[in-house]
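Peer 1: I'd like to ask some things about the structure below.
The values are calculated or read from the model by the stated rules, or taken from the named source; none is laboratory data. Note that the structure is a prediction, hence the values are computed from the model and not measured. All Cβ positions, even for glycine, are placed from backbone atoms using ideal geometry, and neighbour counts span all protein chains on display.
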């Protein structure tokens, strides 16, 4: 065997795999953040931090691989953070296949936001993510930093649906009116009609109320209300939902 290939041997890869510990994973995560910051010649006016977990399916008895009901498979569930306008990778965090608790996501954000603020004290930061990130721990961390805002999806609980009821009724009337107008002119009926609204809401676990933006969309067969919670006061609800 060619000695030049020794570093690619299975025993070498196996030893490397088992030598990496939590501290090494943290250093790798931190190195990605440092590389992202260094890619800017000067502090940006604003950046968007898009945060999401993604399944990494596994096969066989791999350590820390668990069955995840949402993805319907055994997997790891690493966290990825990208800059939302340039799509550059900010950092990645390897983790088991279990659902991430709010405290874990908050811990990661504390380290990331502190590092970004150290280098860019006046950059406006917008953190975006799905509803599983709208936890009190994560929201509290973001709210503690100046010039830092969030936009998170929000699950449609009963109390939110009650608050959305009047706007949904207006959207149903709009859909019927548009359908009648299309029929009168021999055109196909509209596939949907949507209206936007906002209201103040506080989940029981939150320390304060936040703005919730509602997209009240009515399809031909059913209603599909969607919600996002945000610390942004402007722009108007439709722009916050569609653009931000």
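Peer 1: Which one is farthest from residue 203 (Cα to Cα) among residues in segment 113-131 that are in contact (Cβ under 8 Å) with a residue 60 or more places away in the chain and under 15 Å from the mean Cα position of the chain (by Cα)?
Peer 2: Residue satisfying both the conditions and the ranking: 125.
Peer 1: Give me the residue from segment 225-235 that is at pLDDT 90 or above and out of contact with any helix residue (DSSP H, G or I) (no Cβ under 7 Å at 6 or more places or on another chain) and, out of that set, surrounded by the most Cβ atoms within 10 Å (Cβ to Cβ).
Peer 2: From segment 225-235, those at pLDDT 90 or above are 225-232; that's our starting set.
Subsequent filtering for residues that are out of contact with any helix residue (DSSP H, G or I) (no Cβ under 7 Å at 6 or more places or on another chain) retains 226, 229.
On the way: 226: 15, 229: 22.
This residue is 229.
Peer 1: Same structure, new question: Only one of these is surrounded by fewer than 16 Cβ atoms within 10 Å (Cβ to Cβ) and more than 23 Å from residue 128 (Cβ to Cβ): 97, 60. Name it. Full working, then the answer.
Peer 2: On the way: 97 fails: surrounded by fewer than 16 Cβ atoms within 10 Å (Cβ to Cβ).
Sole residue among the options that is surrounded by fewer than 16 Cβ atoms within 10 Å (Cβ to Cβ) and more than 23 Å from residue 128 (Cβ to Cβ): 60.
Peer 1: Kindly evaluate residue 77 against the criterion of being within 18 Å of residue 35 (Cα to Cα), buried (at least 16 other Cβ atoms within 10 Å of the Cβ) and in contact with a strand residue (DSSP E or B) (Cβ under 9 Å, 6 or more places away or on another chain). Steps first, answer last, please.
Peer 2: Numbers: within 18 Å of residue 35 (Cα to Cα): no; buried (at least 16 other Cβ atoms within 10 Å of the Cβ): yes; in contact with a strand residue (DSSP E or B) (Cβ under 9 Å, 6 or more places away or on another chain): yes.
When the stated conditions are applied, residue 77 does not pass them.
Peer 1: If you don't mind, another one. Residues of segment 22-62 being part of a loop (DSSP other than H, G, I, E, B) and farther than 30 Å from residue 119 by Cβ, which ones?
Peer 2: If the condition is that a residue be part of a loop (DSSP other than H, G, I, E, B) and farther than 30 Å from residue 119 by Cβ, then 55, 58, 59, 60, 61, 62 are the ones that fit.
Peer 1: Being assigned to a strand (DSSP E or B), surrounded by 14 or more Cβ atoms within 10 Å (Cβ to Cβ) and either out of contact with any strand residue (DSSP E or B) (no Cβ under 6 Å at 6 or more places or on another chain) or modelled with pLDDT under 95 (or both): is that true of residue 138 here? Full working, then the answer.
Peer 2: Values: assigned to a strand (DSSP E or B): no; surrounded by 14 or more Cβ atoms within 10 Å (Cβ to Cβ): yes; either out of contact with any strand residue (DSSP E or B) (no Cβ under 6 Å at 6 or more places or on another chain) or modelled with pLDDT under 95 (or both): yes.
The answer is no for residue 138.
Peer 1: Turning to a different aspect of this structure: Within segment 189-228, count every residue that is closer than 14 Å to residue 161 by Cα, touching a residue at least 60 places away in the same chain (Cβ under 8 Å) and in contact with a strand residue (DSSP E or B) (Cβ under 6 Å, 6 or more places away or on another chain).
Peer 2: Looking only at that region, the number is 4.
Peer 1: Checking the conditions here, which among 178, 194 is surrounded by 11 or more Cβ atoms within 10 Å (Cβ to Cβ), over 17 Å from residue 150 (Cα atoms) and over 26 Å from the mean Cα position of the chain (by Cα)? Quick ask: steps written out before the conclusion?
Peer 2: On the way: 194 fails: over 26 Å from the mean Cα position of the chain (by Cα).
Just a single option satisfies the conditions, and that option is 178.
Peer 1: Any chance you could count how many residues in segment 63-79 are under 17 Å from residue 94 (Cα atoms) and part of a strand (DSSP E or B)?
Peer 2: So the count comes out to 7.
Peer 1: Does any residue of segment 105-121 turn out to be in a loop (DSSP other than H, G, I, E, B) and over 26 Å from residue 23 (Cα atoms)?
Peer 2: Here is the first cut: in segment 105-121, the ones in a loop (DSSP other than H, G, I, E, B) are 120-121.
Among the residues that remain, those that are also over 26 Å from residue 23 (Cα atoms) are: 121.
Yes - at least one qualifying residue is present in segment 105-121.
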